[in-house]
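Here's the structure we're looking at; comments come further down.
The values are calculated or read from the model by the stated rules, or taken from the named source; none is laboratory data. Keep in mind the model is a prediction, meaning the values are calculated, not measured. All Cβ positions, even for glycine, are placed from backbone atoms using ideal geometry, and neighbour counts span all protein chains on display.
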Amino acid sequence: MKQLSSLSLKVFRLIAGILIFTYFLYLWKFRGREPISSDGYSYYVFLPATFIYHDLTMKYIQELPVEVRDRSWVTDYPGKGYKISKFTCGTAILMSPFFLIGHGIALLSDEPPNGYSEPYQSLIFFAAIAYFLAGLYFLRKALLYFFSERLTALVLLIPFFATNLINYILWEPSMSHVYSFFLVSLLVYLTIRWHRDFKSRHFILALLVLGMITLIRPPNLLVALFPVLYGVNDSVLWKRKFAEVFTKPFLLFAGILVFLLPVSLQLMLWKYQTGTWLVDSYIGEHFFFDRPHLGGVLFGFRSGWLIYTPIMVFALAGFYSLFKRRYPFSWAIVLFFFINLYITSCWWCFWYGGAFGMRPFTDTYALLLLPLTACLKDLFTRKATRVLTLLALAFFGLLNIFQQFQFQHGIIHYADMTPQAYAAVFGRITKPGNFELLLEPADGEMAKQGKPMRRFFRPENLGMKIEKEEAIALKGHHGKFISADGGYEGKVIADRDDAKAWETFRIVYLDGRCLFKTWDDKWLYTGDDGFLRMDKFPAKETVAYKLHALGGDSVTIEDSKNRFLSVDDGDKPFLVASTEKQSSRAIFRLERK
């Protein structure tokens, strides 16, 4: 019995040992990999701004060396005179103890104390491991109030081995998700503790944690439904709870203050940075509450939750088990899930950018693992269902680890997967030769407007035979190269002295026509205003051109409306479609790469 009573603790120590080993393996073999990356730069930028550069206005960034400046992601507001991070500062607050240790190591070593050198990178990786383990620890304590040691031990394996949370511990640890997982786990534990003894310290701590959850990701304030609706199906508990809160006005007032304390930090920061208390840091990005993408969030192949974390079908099945056994958190979890699902599906980018699975759900796995555990408890009551369930759990765990491997090696694309692409790579450790053709790039421009996404243009859409492809550069009559820079409202400019990446195009030859593809897989097309532009989703009648050889490497380029491309004589040398066939401005030199 003593051995069984410590089983869940042994599993916890096993996971901790694996993660600590992984950390030291990183220090030994993979120090060149940067754990601070992608959106993590924006979550993290508050720390070097505060402790190294002493400038939360972020103006210091423009003075940094390029290798540091490129890692300091902030949003520049034209005409406003300020720069701010797109994200709130909660993640950075939780990172700060580890950052300070890394800073101390940098100061005492030969590493640059710039906020992004190896000591900072390795400590942020360790921070993610530490917060995940802390979250798992409190999840264990919460589960043991309602479930056995054996079942709790099994469920502790699931977040790391069988869900997409693994990606945000090992590969993208500077993202906010593992920090939210820790806080929500702690909130679940504190809520259960408070409802058992109604000690004031648990109430105050729960509201402080809820404030931090909100500070990291404001939509996650919805997890407040868990403590608010806890015990709603138990009239005695429900009445006592509200008596404890509303008959102690000082306790309620103190709770509200500690909740507002973390939230106020962000408001004061915005006030300091911009002069206003509230800022829309997500410029041009919105929820569309009349256009939810429920199917895409749950079953979409871009990042669908149950496609890439199928073990969570047990959590959904567990809703029945919650009500069957009258757990005090039944209504709280079910209502939270469906409201959260709806809100998540209404975000313009309902696939949530480059992600392994539906990453917003990882924040609240501590809640969803309660119905999952309840479901397993019911399934384990019979031998036949117990064996089948264990086989399913093992399969989903192995599938999760394998798909994580595929994701890290580009075999599962981070945003553009389709049913055809998923079927083609299922079970494979290499990409099939036609993999790129099976993908469907997301149309972010239309999605931001809440409109249906356009289909990605492919040469096959024209119904013409592809003859060959080659890499070329185009030099205008004025001796400058055409560039797909992208910094001119999508217009194509002709002002570069050298032909590098942005000035290199893939020319696709068709039956008497040709297409021009940019370095980032966009297509040149003639816009309604006559300017040449770049897009992944152009109308097919605007992309086909005809080359006319003039001798040597000189050519003219004719569009589908019999207009010839030329270099505009305006303030900027943009590429335009005109009718001046004989003009020198319409002659280009084609240089093969």
Practice task
Take the stretch 382-400 and flag every residue that is small (Gly, Ala, Ser) and more than 19 Å from ASN164 (Cα to Cα).
Solution key: ALA384
Practice task
Considering every residue within the stretch 307-320, establish whether at least one is outside any helix (DSSP H, G or I) and touching a residue at least 40 places away in the same chain (Cβ under 8 Å).
Solution key: yes
Handout entry: Residue list for the stretch 555-576, restricted to those being more than 22 Å from GLY512 (Cβ to Cβ), in a loop (DSSP other than H, G, I, E, B) and touching a Lys or Arg at 6+ places or on another chain (Cβ under 9 Å)
Key = ASP568, ASP569, LYS572, PRO573
Handout entry: Matching residues, the stretch 424-465, being of a type in the set (Gly, Ala, Ser) and under 28 Å from ARG291 (Cα atoms)
Key = ALA442, GLY444, ALA447, GLY450
Problem - Unique residue being out of contact with any Asp or Glu (no Cβ under 6 Å at 6 or more places or on another chain), on the phi > 0 side of the Ramachandran plot and buried (at least 22 other Cβ atoms within 10 Å of the Cβ) when the list is GLY102, GLY115, GLY90 - result: GLY115
Exercise for the section: Kindly indicate whether THR57 is over 26 Å from TRP171 (Cα atoms), in contact with a helix residue (DSSP H, G or I) (Cβ under 9 Å, 6 or more places away or on another chain) and of a type in the set (S, T, N, Q). Expected result: yes
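Okay, residues lined up against (1) modelled with pLDDT under 90; (2) within 30 Å of PRO159 (Cα to Cα); (3) of a type in the set (A, V, I, L, M):
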position	(1), (2), (3)
ILE15	no, yes, yes
TYR26	no, yes, no
GLY32	yes, yes, no
ILE36	no, yes, yes
TYR43	no, yes, no
Exercise for the section: Could you tell me whether PHE160 is under 26 Å from ARG33 (Cα atoms) and either surrounded by fewer than 23 Cβ atoms within 10 Å (Cβ to Cβ) or of a type in the set (Val, Ile, Thr) (or both)? Expected result: yes
Exercise for the section: Examine the stretch 421-429 for a residue that is more than 22 Å from TRP171 (Cβ to Cβ), in the same structural domain as ASP569 (by TED's automatic domain parsing) and hydrophobic (A, V, I, L, M, F, W, C), and state whether such a residue exists. Expected result: no
Exercise for the section: Would you please name the residue that is nearest to ASP485 (Cα to Cα), looking only at residues in the stretch 574-584 that are of a type outside the set (Asp, Glu) and surrounded by fewer than 19 Cβ atoms within 10 Å (Cβ to Cβ)? Expected result: SER578
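Each row is one residue, and each column tells you yes or no for (1) surrounded by fewer than 11 Cβ atoms within 10 Å (Cβ to Cβ); (2) part of a loop (DSSP other than H, G, I, E, B); (3) of a type in the set (Ser, Thr, Tyr).
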residue	(1), (2), (3)
LEU25	yes, no, no
ARG31	no, yes, no
PRO35	no, yes, no
TYR41	no, no, yes
PRO48	no, no, no
HIS54	yes, yes, no
TYR60	no, no, yes
SER72	no, yes, yes
Completion exercise
Taking the stretch 74-90 and the residues there that are in a loop (DSSP other than H, G, I, E, B) and either among the charged types (D, E, K, R) or not assigned by TED's automatic domain parsing to the domain that holds TRP277 (or both), the one that is farthest from TYR131 (Cα to Cα) would be LYS80
Problem - Cross-chain or 6+ apart pairs with Cβ under 6 Å, the stretch 233-256 first and β-branched (Val, Ile, Thr), then surrounded by 10 or more Cβ atoms within 10 Å (Cβ to Cβ) - result: VAL245/LEU252
Practice task
Kindly indicate whether any position in the stretch 357-380 is more than 25 Å from LYS141 (Cα to Cα), touching a residue at least 12 places away in the same chain (Cβ under 8 Å) and part of a loop (DSSP other than H, G, I, E, B).
Solution key: yes
Fill in the blank from the handout: Across the stretch 186-230, the tally of residues that are buried (at least 23 other Cβ atoms within 10 Å of the Cβ) and modelled with pLDDT under 95 stands at 0
Problem - Residue check, GLY397 among the small types (Gly, Ala, Ser), out of contact with any Gly (no Cβ under 8 Å at 6 or more places or on another chain) and in the same structural domain as ARG150 (by TED's automatic domain parsing) - result: yes
Completion exercise
Counting only residues that are surrounded by 14 or more Cβ atoms within 10 Å (Cβ to Cβ) and either outside the structural domain of THR91 (by TED's automatic domain parsing) or aliphatic (A, V, I, L, M) (or both), the stretch 253-281 contains a total of 10
Exercise for the section: Determine if the stretch 274-282 includes at least one residue that is touching a residue at least 24 places away in the same chain (Cβ under 8 Å) and part of a helix (DSSP H, G or I). Expected result: yes
Handout entry: Selected residue (only one of ARG193, ARG150 is part of a helix (DSSP H, G or I) and either in contact with an Asp or Glu (Cβ under 9 Å, 6 or more places away or on another chain) or free of Cβ contacts under 8 Å to residues at least 40 places away in the same chain (or both))
Key = ARG193
Practice task
Tell me which residues, restricted to the stretch 474-521, are more than 18 Å from PRO573 (Cβ to Cβ) and of a type outside the set (A, V, I, L, M).
Solution key: THR504, ARG506, TYR509, ASP511, GLY512, ARG513, CYS514, LYS517, TRP519, ASP520, ASP521
Problem - Residues (over 29 Å from LEU335 (Cα atoms) and of a type in the set (Ser, Thr, Tyr)) located in the stretch 365-416 - result: TYR414
Fill in the blank from the handout: Being surrounded by fewer than 17 Cβ atoms within 10 Å (Cβ to Cβ) and either in contact (Cβ under 8 Å) with a residue 12 or more places away in the chain or of a type in the set (Gly, Ala, Ser) (or both) narrows TYR422, TYR414 down to just TYR414
Practice task
State whether the residues of the stretch 20-33 include one that is in the same structural domain as PHE126 (by TED's automatic domain parsing), small (Gly, Ala, Ser) and over 27 Å from the mean Cα position of the chain (by Cα).
Solution key: no
Handout entry: Lone qualifier among ILE93, ILE15 - being aliphatic (A, V, I, L, M), under 22 Å from the mean Cα position of the chain (by Cα), under 30 Å from LEU133 (Cα atoms) and outside any loop (DSSP other than H, G, I, E, B)
Key = ILE93
Practice task
Considering every residue within the stretch 367-374, establish whether at least one is closer than 20 Å to GLY353 by Cα, under 22 Å from the mean Cα position of the chain (by Cα) and crowded, with 19+ Cβ neighbours inside 10 Å.
Solution key: no
Handout entry: Filtered residues of the stretch 315-335 (kept if hydrophobic (A, V, I, L, M, F, W, C) and buried (at least 21 other Cβ atoms within 10 Å of the Cβ))
Key = ALA315, LEU322, PHE329, ALA332, ILE333
